[in-house]
Amino acid sequence: MDSIDLRSDTVTCPTEAMYNAMATAEVGDDVFGEDPTVNRLEALAAEKLGKQAALFAASGTMANLICQMVHCQRGDEMIVGDKAHIFYYEQGGSAAIAGIHPRTAPNQPDGSIDLEDIEAAVRTDNVHFPRSRLIALENTHNRCYGTPLTVEYMKQVVDLAQRLNLKIHVDGARIFNAAAALNVSVAKLVDRVDSVCFCLSKGLAAPVGSMVCGSADFIKEARRARKVLGGAMRQAGVLAAAGLVALNDMAGRLVQDHENAATLAARLNRLPGLDIDLEKVKSNIVYVRITAGHLTAAQVVQRLAKKGVRVLALDKYRIRIVTHYHITKKAVLKTADIFARVIG
Ligand code: TLP
């Protein structure tokens, strides 16, 4: 039985075009800057994001850490949402590895952080305090229903950061989903931010890799940070080749994943025992609350798995579903049927 795997868009496997590109990739030693395929990928990523330069990193976690290390000295403070992936799911690497003090501010349900909360979190110059250095945002916001932060909101935060003399980093693991959901260019979404990283290995379906983008000076330092983290790879062109296909061919189809998420959410919400805030389904992530009193999320996950549908339990009564390249409309309808049987 082929399972329908909705646990994450990280489960996507390379397309045939990616395998072909990987098999024939021109490579060289990237630590010498001599891998032509990596160089092409970095140039393309920088161009798409509207930044001067880019760097290929092994993962989203590494890319976020690299950016934090470049922006902050040890002991500096970063203002970050309390539901941010950087704060929640990266093992506290900001503190453990980079020596950065995270100062959380509440994430609103749409993934934003209120401007007043950012300003209130900024330290004054006082011998007791760490120095505020960085604001980290996330777009789309994973734990906030995959909501995209808008161009208008980003502009306000950038203006604020410039006034307060802070840097801005965007964890844009799913920034192409944000752009597709809002029908704007990614470059517009990250205009004037100091750094942004995005994942090739999620909705864009490449097997490995994330890109860090920023100014040429920033990327020069990012290259050093990547090296100390052990992330400088050699003939990485075999991976970058798939990344090029991902960037060129896969961003345009993300709207299909969003449509599938909306269809699935609407169908599941009709079932007694499940509740979804449909207004919040804006990209490829759906959060489902189990309201059928007799079942926990873990039990629902287990029952679904037996019938070939894989999803993640987020907490006692919530499940996360993520649509992606391998989830067809037919799979969406089948998933809704299986949910109906399991909940019923
Ligand atoms: N997110 C994964 C899990 O780690 C939770 C997922 O399945 O959603 N930023 C954001 C916003 C992310 O969602 C993720 C991965 C990362 C960074 C880290 O990327 P990787 O897994 O490449 O280190």
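The values are calculated or read from the model by the stated rules, or taken from the named source; none is laboratory data. Please read all numbers here as calculations on a predicted model, not as lab measurements. Every residue, glycine among them, receives a Cβ derived from its backbone with ideal geometry; neighbour counts consider all protein chains shown. These area figures cover heavy atoms from the full protein model, side chains too; ligands, DNA and RNA do not enter into them. Shrake-Rupley method; radii C 1.70, N 1.55, O 1.52, S 1.80 Å.
Please verify whether the range 177-196 includes one or more residues that are more than 16 Å from the ligand (Cβ to nearest atom) and buried (at least 21 other Cβ atoms within 10 Å of the Cβ). Yes, some residue in the range 177-196 is more than 16 Å from the ligand (Cβ to nearest atom) and buried (at least 21 other Cβ atoms within 10 Å of the Cβ).
Residues that are surrounded by 16 or more Cβ atoms within 10 Å (Cβ to Cβ) and not charged (D, E, K, R) within the range 310-325 comprise Val311, Ala313, Tyr317, Ile319, Ile321, Val322, Thr323, His324, Tyr325, listed in sequence order.
Does Arg253 meet the test of being within 12 Å of Leu55 (Cα to Cα) and outside any strand (DSSP E or B)? Spelling it out, it is not the case that Arg253 is within 12 Å of Leu55 (Cα to Cα) and outside any strand (DSSP E or B).
Within the range 72-96, how many residues turn out to be farther than 22 Å from Glu221 by Cβ and open to solvent by 20 Å² or more (accessible area, probe 1.4 Å)?
Taking the range 72-96 as the starting set, the residues that turn out to be farther than 22 Å from Glu221 by Cβ are 81-85, 87-89, 91-92.
Next cut, open to solvent by 20 Å² or more (accessible area, probe 1.4 Å) only: 82-83, 85, 87-89, 91-92.
Final tally of qualifying residues: 8.
Go through the range 163-175 and give me each residue that's open to solvent by less than 20 Å² (accessible area, probe 1.4 Å) and either more than 12 Å from the ligand (Cβ to nearest atom) or more than 9 Å from the chain's Cα centre (by Cα) (or both). Residues satisfying the conditions are Leu166, Ile168, His169, Val170.
Per the listing Gly231, Gly243, Gly237, the residue uniquely buried (at least 24 other Cβ atoms within 10 Å of the Cβ) and touching a strand residue (DSSP E or B) at 6+ places or on another chain (Cβ under 8 Å) is Gly243. Looking at the range 197-244, which of its residues are assigned to a loop (DSSP other than H, G, I, E, B), within 16 Å of the ligand (Cβ to nearest atom) and closer than 24 Å to Glu26 by Cβ? Hits for the range 197-244 are Leu200, Ser201, Leu204, Ala205, Ala206, Pro207, Val208, Gly209, Gly231, Met233, Ala236.
Taking each residue of the range 166-180 that is on the phi < 0 side of the Ramachandran plot and looking for partners that are within 11 Å of the ligand (Cβ to nearest atom) and among the basic types (Lys, Arg) with beta-carbon atoms closer than 9 Å, six or more apart or interchain, yields Ala173/Lys202; Arg174/Lys202; Phe176/Lys202; Asn177/Lys202.
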